[in-house]
Amino acid sequence: MNSSVSSTARLLGAGLRALLVLTVICGVLYPLAVTGIAQALFSDKANGSEIKDGSGRVVGSSLIGQSYNLPKNDPDDDEEAARPDLRWFQPRPSNGLGSNSVNTRYALILSGATNRSADNGAVDGRCTKDAEEGTLCAQVVAAKEAVIADNSTAGYTVGPEDVPADAVTSSGSGLDPDISPAYAGIQVHRVAEQNGLDVKQVEKLVADHTRGRALGFMGEPRVNVLELNSALRALATS
């Protein structure tokens with residue numbers, strides 16, 4: 001009996017010592033080491049890839065898309081359609097799963113896609129103005145018309161063939177922070193006009209914020225909208 005109790009006590013003691021050692025290693029030392037390395041080598045990414053304005057105020061993350069809309073005429077009217085603020089470069093459409101009442105600059109509270117097929121609402125295999133309301137085709141057609149109307153200026157006309165796919169479709173997550181250089185390009189004249197800037201200045205701004213393919217072959221060239229608009233704000237107020 002005494003031998004059994006002694007054996008059990010030794011096992012319990014060994015188990016408690018192992019628990020204490022593993023708790024210190026896995027629960028204290030390892031997290032501190034990982035956090036220290038991340039802060040030392042990748043502090044920007046470790047802290048959420050935050051973007052700050054000229055005053056040092058955090059305005060968002062370069063990893064999450066934001067909307068740039070005018071305030072509603074009636075803040076309590078949930079049916080009022082959002083109107084883009086044409087002073088800024090516009091992101092991809094974000095047909096999300098909900099709204100965010102905490103920070104209304106963010107278009108979503110949940111990440112996800114509509115899961116509609118590419119021919120949802122198509123007529124004879126094509127997206128036309130006859131597409132049923134609420135379908136993907138109807139959204140694409142309406143978005144394309146809006147892009148053409150919003151970005152055509154007195155001296156620059158956007159044609160239907162100039163509108164890239166990312167200007168009229170949302171990403172799989174609905175949170176894409178980037179747009180294609182082509183979409184940024186057709187917005188240049190409108191942004192320059194709205195902010196009283198020279199077109200060449202805004203073109204250079206887009207070129208300076210265009211990133212190439214990762215490692216030269218992965219992904220596509222892209223422009224981060226929040227970073228671009230932050231630089232635009234600094235340029236327009238300088």
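FYI, it's all coordinate maths here, none of it is from the lab. If you're wondering where the values come from, they're calculated on a predicted model, not measured in any experiment. Virtual Cβ from ideal backbone geometry, glycine too; neighbours counted across all protein chains shown.
Please state the shape class of the range 162-224: rounded when a/c is under 1.5, otherwise prolate if a/b exceeds b/c and oblate if not, all from the C-alpha gyration tensor.
Working: a/c = 2.45, a/b = 1.47, b/c = 1.67.
Oblate, because a/c is 1.5 or more while a/b does not exceed b/c.
For Leu205, Leu20, which order do you get if you count the other beta carbons within 10 Å of each Cβ and list the fewest first?
Ascending number of Cβ neighbours within 10 Å: Leu20, Leu205.
Would you pull out the residues with amide H under 5 Å of Asp176's amide H, same chain only if 5 or more places away, H placed 1.01 Å from N?
Here the answer is Gly65, Ser171, since their amide H atoms fall under 5 Å of that of Asp176.
Gaussian network model of the chain, Cα springs within a sub-10 Å range: biggest mean-square fluctuation belongs to which of Asn69, Asn195, Asn47?
Asn47
Using a cut-off of 30 Å between alpha-carbon atoms, which lysines can reach Lys129, once sequence neighbours fewer than 8 places away in the same chain are excluded?
Answer for Lys129, where 30 Å is the Cα cut-off: Lys72, Lys144, listed by chain and number.
Over the alpha-carbon set of the range 2-44, work out the extent along each principal axis and list the three values in angstrom, largest first.
For the range 2-44, the Cα spread along each principal axis is 60, 8, 7 Å.
Taking a ≥ b ≥ c as the square roots of the eigenvalues of the Cα gyration tensor of the range 113-238, is the shape rounded (a/c under 1.5), prolate (a/b larger than b/c) or oblate?
Because a/c hits 1.5 or more and a/b fails to exceed b/c, the range 113-238 counts as oblate.
Whose amide H sits under 5 Å from the amide H of Asn69, counting only residues 5 or more places off or on another chain, with H placed in the peptide plane?
Placed amide hydrogens put Asp85 under 5 Å from Asn69.
Give, rounded to the nearest 20 debye, the magnitude of the charge dipole that the chain has about its Cα centre when Lys and Arg contribute +1 at Cβ and Asp and Glu contribute -1 at Cβ. Show your work: numbers first, answer last.
Working: 21 positive and 28 negative charges, 292 e Å.
The dipole of the chain has a size of about 1400 debye.
Once you charge only the Cβ atoms, +1 for Lys and Arg and -1 for Asp and Glu, what is the size of the charge dipole of the range 9-86 about its Cα centre, to the nearest 20 debye?
Working: 7 positive and 10 negative charges, 225 e Å.
Around 1080 debye, computed over the range 9-86.
Which one of Asp119, Asp76, Asp176 has the biggest mean-square fluctuation once the chain is modelled by GNM with Cα springs under 10 Å?
Asp76
Collect residues whose amide H, placed 1.01 Å from N in the peptide plane, falls under 5 Å from the amide H of Ser61; neighbours closer than 5 in sequence don't count.
Here the answer is Ile51, since their amide H atoms fall under 5 Å of that of Ser61.
Pull up the cross-link candidates among the lysines for Lys45, meaning alpha carbon to alpha carbon under 28 Å and not fewer than 8 places away within one chain.
Leaving aside lysines fewer than 8 places away in the same chain, those within reach of Lys45 are Lys204.
Among Glu193, Glu132, Glu161, what is the fewest-to-most ranking by other Cβ atoms within 10 Å? Could the numbers behind the result be given before it?
Numbers: Glu193 17, Glu132 11, Glu161 5.
In order of increasing Cβ crowding within 10 Å: Glu161, Glu132, Glu193.
With a 4.7 Å Cβ cut-off, tell me which Cys residues in the chain come up empty for a partner.
Cys26
Among Ala82, Tyr183, Ala138, which residue has its Cα positioned farthest towards the positive end of the charge dipole of the chain, with +1 placed on the Cβ of Lys and Arg, -1 on the Cβ of Asp and Glu, and the dipole taken about the Cα centre?
Tyr183
Where does the Debye-calculated log10 I(q)/I(0) of the chain sit at q = 0.15 Å⁻¹, using only Cα point scatterers of equal weight, no solvent?
-1.15
Kindly provide the helix-only [θ] at 222 nm of the chain, computed as the sum of -39,500 (n - 2.57) over DSSP H runs of four or more divided by all residues, to the nearest 500 deg cm²/dmol?
After summing the helix terms and dividing by the residues of the chain, the value is -12500 deg cm²/dmol.
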